1. Considering only DSSP beta bridges with both partners in the chain, what is the antiparallel share in %, to the nearest 5?
2. State the label only: which of [x] 15; [y] 32; [z] 10 corresponds to percent of Cα pairs over 40 Å apart computed from the shown model?
3. Using the Karplus curve 6.51 cos²θ - 1.76 cosθ + 1.60 with θ = phi - 60°, what ³J(HN,Hα) values do you get for each residue of the range 18-31, in whole Hz, with x for Gly and Pro?
4. Multiplying the sequence separation of N66 and A174 by 0.36 nm and subtracting their Cα-Cα distance, what value in nm do you get?
5. In nanometres, what is the gap between the two model label sites at R48 and L13, each 7 Å from Cα along Cα-to-Cβ?
6. Tell me which GluC sites (Glu not before Pro) from the range 13-89 have a DSSP coil assignment and no more than 16 other beta carbons within 10 Å of their own.
7. Which trypsin sites (Lys or Arg not before Pro) does the range 134-189 hold that lie in a coil by DSSP with at most 13 other beta carbons within 10 Å?
8. If the cut-off is a Cα-Cα distance under 25 Å, which lysines reach K139, setting aside same-chain residues fewer than 8 apart in sequence?
Amino acid sequence: MNITIFDDKTRTLEGPMQHNGDLYTYYNDSARPEIGNMRVLLEQWFARYPKEEKQDLKSRFQAAFNPAFYELYIYILFQQMGYTLSIHPELPDVKKCPDYLATKGEEKIYIEVKYIMMLTQNEQSLQRRENAVLDAINKVNASNFLLKLNSIVFKESSQPSGNRMINFFNKALAEIDPDKYNGDLMKNGYGAMPTIIYDDDKITIEVQLLPKSPLQRGTDSRAVAIFPSVKQIGNDSENIISALETKASKYGHLNAPYIICVNKQSVSFDVIEVQEALYGSWESSWSEDPNNRDEKSRFSGNGFFGSKHNPRATRVSGVYVTNANTANLTTTANHVFRHNQFAKFPIDLEITNSIAVLLNVPDGYPFNNVSV
């Protein structure tokens, strides 16, 4: 039996995924060409995965798509660098097994894969409630207007009624003449246009309207055209350190280099924050002598790897960090590998080429076809 990640079937789903939609289900059902190209690439990678392990990995794709993708991504990445990988190699005196053992000639590397959820449990719960609200608002009748969503403010932890929101906004939009609204907009500017506020005991939502052109009126579409901007305050160094610490000594004292591969999905990928997580914050010092300032800059040594006088995580030979996902492999995906200079088993591994080059992902992916 030939096991594949996705079903071999006719697909008719043309629209985007709902905010609270299941990623595996959407990828399996979508008829959009770019999603089809992602499926083709993933199936090509999956065909190289050991036959006896495929059903287990497929089940993980169905249960938690992104972590399963990252496991497959790391498998293919190291294959492309010339390694042969064994899955869940057994260790003496330890019941748990690392994700992979990579070998190339006499070289051996144990590999552990970690997908970071950058949100806390409370933040994930809030995000699910926000997504449910967005999915409800997108069902508002958008025949004449699209919505600019200015803000969503939850007043408590329970989920507000989506039907009430839909009915409220449908009634409010039906009472507004699109031609008059467009004339006022041209005359006074967008900043002078009124907001529409939905408010109940659980939530407050503020929107403004974007009038459709006369030719587009009456057409079906998602109602929300503009979402509130997302800003990232601070960086993710602490999250990276926390993720690494859960894996650093998980398998005891190994007899070969051990690296941890982390996938960090957040607003941005910043090499500096990776450096700070591993080597500590960047600090500068100088002398008070005006004739000899003796300026020096260095990492403080308070990161995951520690310092010369206080080495940490010496069982870990290096750390690989990326933000790769199924869609960004040729665009915003980036990665870095950093060595632990205090490791018990130093490693010569270097990863310098781009993700697209290492994985042979075609230019224009996922919008250009992937050859079968």
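1. 70 percent
2. After the calculation, the listed value that fits is [y].
3. My calculation for the range 18-31 gives 5, 4, 9, x, 8, 5, 4, 4, 5, 5, 6, 9, 6, 9 Hz in order.
4. Length gained between N66 and A174: 34.8 nm.
5. 2.8 nm
6. Working: sites: E14, E34, E43, E52, E53, E71; in loops: E14.
Filter output for the range 13-89: E14.
7. Numbers: sites: K139, K148, K155, R164, K171, K180, K187; in loops: K139, K155.
In loop regions of the range 134-189 (DSSP not H, G, I, E or B), the sparsely surrounded trypsin sites (Lys or Arg not before Pro) are K155.
8. Those lysines meeting the cut-off are K148, K155, K171, K180, K202, K212.
The values are calculated or read from the model by the stated rules, or taken from the named source; none is laboratory data. All figures in this text were calculated on a predicted structure; none of them were measured in a lab. Ideal geometry is used to build each Cβ from the backbone, glycine not excepted, and the neighbour counts take in all protein chains shown. Note: accessible area is taken over every heavy atom of the protein model, side chains too, but ligands, DNA and RNA are not part of it. Shrake-Rupley method; radii C 1.70, N 1.55, O 1.52, S 1.80 Å.
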